[in-house]
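The structure appears below as structure tokens.
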Amino acid sequence: MAYQISKRQWAFSIAYGQGMITLLTVLNVFYPQYLRYTFIIFIIGMVVFTAIMMKSQLKHITSKAAKEIKQGRRLYKSNPSEIRQLQALDRKLVSELKPMMKSAGISFLSMIVVFIWYPIYFRYANAVASSHVDLPVRIAVFLAGYEIPYVAITLLNLWSRKMVTNVVQVINSYEVYNTGVLGMGLAIKFPMCEDEEGSKYEVVYNPSRKFIEFVLRRGKTTVRYRLYCKSCDRLADIIKRYGKPKKFIVVREG
């Protein structure tokens, strides 16, 4: 789940949402007999939007930077089952993920509201629109049916994201090359001091909890890309040697 999105992704989501609203409103106003099918179009639109946003999360593994990293020599490949075991042993992880789980719950709740709102409101909207020949009235009635839940969901999502100031993204599958690190939603070129994006990262090494994090601070939000590893010392040595991070912080607990 992506709890942080770029300004470009945010602008795209707004433009996409308003485009869908315009399309559905036009269909409802000029083709009211197909009102029952517009909800299907709405669902399809949501699926397409989700696919586009997921593609943006996967672009890291197909980007130019990723291709350059893959040209290097692979030094380490993660073991997903090993990562799951280490997560289960990390007692603090659950408390770290709780704010994000609450945020996801709010987003899920907002979608339930939409599924309840649509049949109730549009039954009323169709009756009102059918009794008015005035085009602006019909447009306003149907437009409100989409804009009201859209604004409500947008505000809920903004609020839920602001709840999360410390985002932990566990990378369940990753590879480390002498040229960089590749994982889901993550592509960092080595040496980090020569990479415009990588130079913004801090590296945190926690041998007690068996992970290394690439920490990125975005305003008031801190995003932690976490790599669990049983051979944590070896992984830390690889990242220090080839990554040459400007900040390499060792945290020991317990």
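On a 0 to 90 degree scale, rounded to 10, what angle separates helix 80-89 from the longest Cα axis of the chain? Once rounded, the angle reads 90 degrees. Three principal axis extents of the stretch 104-220 based on alpha-carbon atoms, in descending order, are 70, 30, 26 Å.
For the chain, the mean residue ellipticity at 222 nm estimated from helices alone is -19000 deg cm²/dmol, where every DSSP H run of n ≥ 4 contributes -39500 (n - 2.57) and the total is divided by all residues, rounded to the nearest 500. The slack between N166 and A88, meaning 0.36 nm per residue of separation minus the straight C-alpha distance, is 26.1 nm.
For the stretch 168-191, backbone nitrogen atoms closer than 20 Å to the point 7 Å from K98 Cα along Cα-to-C-beta are found at 168-170.
What list do you get for M20, M111, M46 if you sort them by fewest beta carbons within 10 Å?
Working: M20 19, M111 11, M46 14.
Ascending Cβ contact count within 10 Å gives the list M111, M46, M20.
Reported value for the stretch 171-250: 89 Å³ per residue, from the convex hull of its C-alpha atoms. Sorted fewest first by neighbouring Cβ atoms within 10 angstrom, F115, F49 come out as F115, F49. Compactness of the chain is given as radius of gyration and Dmax, 23.2, 74 Å, from Cα positions.
As I understand it, the value is the acute angle between the Cα axis of helix 7-30 and the longest principal axis of the Cα atoms of the chain; what does it come to in degrees, rounded to 10? Helix 7-30 sits roughly 20 degrees off the main axis of the chain.
With an 8 Å cut-off on Cα pairs and a minimum separation of 6 or more residues, tell me the relative contact order of the chain in percent. Could you put the intermediate results ahead of the total?
Working: 336 pairs, mean separation 56.2, N = 254.
The value is 22 percent.
Taken together, the values in this text are just the output of simple stated rules run on the coordinates, not laboratory data. Values in this document were obtained by computation on a predicted structure and should not be read as measured data. A quick note on method: Cβ atoms are made from the backbone with ideal geometry, for glycine too, and the neighbour counts reach across all protein chains shown.
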